[in-house]
Amino acid sequence: MKTKVKNFSAMIVVCAVALCCGVAAAQSYPTKPVRLIIPFPPGGSNDIVGRFIATKLTERLGKQVVADNRGGAGGVIGTEAAAKSEPDGYTLLIISSAYAINTSLYKLPYDPVKAFTPIAKLGTGPNVFAVHPGVPVNSVKEFIALAKAKPGQLNFAAAGVGSFQHLGSELFKSMAGVDVGIVQFKGGGPAMIDVIGGHTDAALGSLIQFMPHIKSGKVKALGTGGSKRSVSLPAVPTIAEAGVPGYEANNWWGIIPPAGTPRPIIDRLYQEVSAILSSTETQKVFGDQGAEVDKMNPAEFGPYIVVETAKWGKVIKEANIKAE
C-alpha cells in the first residue's frame, strides 16, 4: 500500500511539474519568430486572411509572425509541411473549406483529424460570380443565356480540382443547366489573374479575394453566393435571386497548429486571435473585403470542421469529382 501511495504521489508531482512547465512556456511564448503556413499561392483568399492575421499576431505577440506560402495539390503540400512540424507553437496553419474538401479528394499524407488541434475559426464569406468586363453580359441571366447559346465555349477559372472555386462552379453549372468549361489553376491568385487578363471568361471565387478588383473595375460582379446580399455589394443580387434559385456557396477560414502543441500555448493563441477578431478594425477590414468575422473557440471549431468535411464529401461524391 505504501508503494502505491508513493507511486501515486510521484505521478501527482510529475503532472504538477508538467503543468507548471506548460504555463511557464505559455507565459514566455514566443521567444522567436512564428511561422504561419498559408497552403496556397499569393493572391487567394487564404493568403489575404493569413497575411492580415500574421500582421496582427506580430503586433500582439511581440515577435514576427512570418507568412509562408506553400502552395500545391489543393493545399495538401503546405498542410503536410505543417503537420510534420514540431508541435511547439512556432508553426501555425491557415485553413479554409479546402481543408474539409481535401479529405474526400486525396489520399492524404496526414490524418486531418489527428494531425492538428483547432485554435479558432476566423471568418466566413460568400463566393462571387465575376466576369471579365469584355464578356458581353450584365447579369447572371444574361450569362446563362450566352452559355446556352454557345455551349462549351465559355470558361470558368478555378483554384484547382476540388477547390472552393471548383465546387462552386460545378454547383452553378448543375443548377443553371449550362455547359461551361472549368480551367484549373494552382491557386485562387493565378485563377484571378487569368480572369483579369481576359484569358478566362469568369470565376466563382471568394468575394474577399475579388473585392479589390471589382472596386477597380478589372472584373464585373454579377451575383454573390450568400443567402442574402453582401453588405459590401448591396446593389449586386445574390446568385439565387439573379437566376439560379437555391444557389449558395460560402467559404471560411481558420487557424490550427500541429497536434501536441501545449494547451497553455493554444489558449494563449486563442486569446490573442480572439482579441484580433473582436476589434472594430478587423471587422471593418473583413467587411470591406466582403467577408465577416465568424469567431469559434477550439471546442466549437473542431466539430465544425467535422460537419464541413461530411457536407463537402457528399457534394464531391454526387458530382463524381476526382483529383488529377
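The values are calculated or read from the model by the stated rules, or taken from the named source; none is laboratory data. Since the structure is predicted, the reported quantities are computational estimates derived from the model, not experimental observations. Positions of Cβ are backbone-derived with ideal geometry, glycine not excepted, and every protein chain shown enters the neighbour counts. Side chains included, ligands, DNA and RNA excluded: accessible areas come from the protein's heavy atoms. Shrake-Rupley method; radii C 1.70, N 1.55, O 1.52, S 1.80 Å.
Below is a table of values for the structure above.
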quantity	calculated
Residues (open to solvent by 50 Å² or more (accessible area, probe 1.4 Å) and of a type outside the set (Gly, Ala, Ser)) located in region 53-79	THR55, GLU59, ARG60, LYS63, GLN64, VAL66, ARG70, ILE77
Wholly within region 208-315, helices (runs of 4 or more DSSP H) carrying at least 1 residues that are open to solvent by 10 Å² or more (accessible area, probe 1.4 Å) and basic (Lys, Arg)	263-278, 280-288
Filter result for VAL183 (of a type in the set (A, V, I, L, M, F, W, C), in a strand (DSSP E or B) and either open to solvent by less than 60 Å² (accessible area, probe 1.4 Å) or touching a strand residue (DSSP E or B) at 6+ places or on another chain (Cβ under 8 Å) (or both))	yes
Among the residues listed as GLY162, GLY134, GLY152, the single one being in a loop (DSSP other than H, G, I, E, B), at pLDDT 95 or above and at positive phi	GLY152
Inter-residue pairs, beta-carbon under 7 Å, first over 30 Å from ILE266 (Cβ atoms) and in region 119-140, second among the basic types (Lys, Arg) and open to solvent by 10 Å² or more (accessible area, probe 1.4 Å), 6+ apart	ALA130/LYS220; VAL131/LYS220; PRO133/LYS220
Region 195-246, residues that are within 20 Å of the chain's Cα centre (by Cα) and under 18 Å from LEU171 (Cα atoms)	ALA203, LEU204, GLY205, SER206, LEU207, THR224, GLY225, GLY226, SER227
